[in-house]
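Working notes, beginning with the structure itself.
Values quoted throughout were computed directly from the atomic coordinates according to the rules given, and no laboratory measurement underlies them. This is a predicted model, so every value here is computed, not measured. Cβ sites come from the backbone with ideal geometry, for glycine too, and all protein chains shown count toward neighbours.
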Amino acid sequence: MEKKNWFRTYLFIWFGQFVSLLSSSAVNFALIVWLSLEFKSAEILAYSAIAGLLPQAIIGPFAGVYIDRWDRKKIMIFADGFIAICTILMTIALRDGHVQLSLVYLLMACRSVGSAFHSPAMQAIAPLIVPEDKLLRVSGINQMLQSVSSIAGPALGTLAIANFPINQVLYLDVIGAVFAITSLLFISIPHVKTQVSGSIQQVWTDLKLGMAAIYKNKGLAWMFMYSVIATVGIMPVAIMFPLLTIDHFGGKEFEMSVIEVIWGVGMLVGGSILSVFKISLRKVLLINSMHILLGLSFVFSGILSPSLFWVFVGLTGLGGMAMSIFSAAFMTTIQEEVAPEMLGRVFSLYFSFAIIPSLIGLLFAGNIADYIGVANAFVISGFIVIAIGLASFFTPSLMALGIRKDGKE
């Protein structure tokens with residue numbers, strides 16, 4: 001497969017995805033601000049997260065089978081278009097300031113269906129375009145793009161929600177989708193053709209092959225399992241940063257935007273480290289260490305005095321850096337360990353395996369946090385993530401990932 005012009009192709013993808021990520025980040029933050037100030041409930045934030053993730057978890061594995069069969073470029077285009085249509089309908093559900101939460105949850109669920117196809121397809125195209133020795137750096141650049149959008153997005157979202165009603169702010173996401181679709185029209189992405197049928201029986205067979213690709217690699221299977229458990233701890237905390245800022249530290253819109261921006265700055269630093277420097281440390285060591293660092297940032301954030309908001313800001317930046325490095329190293333490990341024609345299935349399976357148990361944890365955490373306090377929820381979640389990082393260092397097959405038979409990575 002010819003990959004000499006990979007950078008030009010990926011540059012088009014980066015441009016479109018950056019605009020899309022920026023607009024989505026702005027809209028997501030505006031929604032979080034709106035929900036947090038309107039209801040001040042961890043339970044409602046949890047329900048909105050569940051609505052946005054559950055469909056993706058349920059249909060994700062089956063979507064992965066078709067991602068490996070269909071043209072991944074077309075999948076991303078149609079998925080972006082479908083998500084944009086759902087967003088337009090959501091603007092109607094929130095028109096005139098009327099709150100129709102049940103309809104909002106339904107449309108968020110429909111957007112999740114589009115994401116079930118788009119996210120794994122995006123992850124699965126990199127090995128088709130990028131040389132293997134450049135994958136980690138490309139993953140680092142991807143994290144940088146997400147980081148920049150995480151920095152600029154909340155600022156844009158805060159400006160938008162301060163000047164426009166929430167239903168009009170949502171149009172930013174539609175604009176981003178148009179940019180993403182347009183950029184994809186100007187590039188060519190290799191298509192891994194398959195000769196199999198589309199019958200239900202064949203879909204189940206392909207799904208089993210995707211699970212076998214994980215299970216037969218014991219180290220990869222352990223890495224998946226640990227990451228799924230860690231996500232159960234990370235997911236509730238991820239949606240409670242605004243509530244911790246409001247309830248524990250007494251912040252308002254400005255402080256909420258600062259926390260979102262500093263998380264993005266941390267991710268930008270992590271992505272920059274991976275993309276600028278040639279990291280010699282094995283990726284599995286990065287994954288395990290970042291679990292521990294991320295968990296520590298959660299624990300200390302939860303036990304801080306309410307007067308130490310700016311220490312919380314620093315811990316949030318540290319957590320963002322850890323999450324960025326972990327994500328890049330984790331995705332690159334999968335791309336290196338799994339054959340390209342299986343990546344759609346494997347990424348979809350991972351997303352589903354990670355999301356389903358986390359949604360259960362999220363449901364309980366949303367209710368529990370309203371009773372025990374958001375700060376205590378941070379501490380408990382942090383200890384779970386730390387335990388996973390420590391356990392990973394004592395799992396031989398996982399620690400052997402990336403080491404060839406000759407003893408070299």
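Most tightly packed first, judged by the mean number of other beta-carbon atoms within 10 Å of their residues, the peptides 307-320, 383-396 read 307-320, 383-396.
Using only the Cα atoms of segment 243-325, each taken as one equal point scatterer with no solvent, compute I(q) by the Debye sum, divide by I(0), and report log10 of the ratio at q = 0.20 Å⁻¹. Taken in order of the listed q values, log10 I(q)/I(0) reads -0.86.
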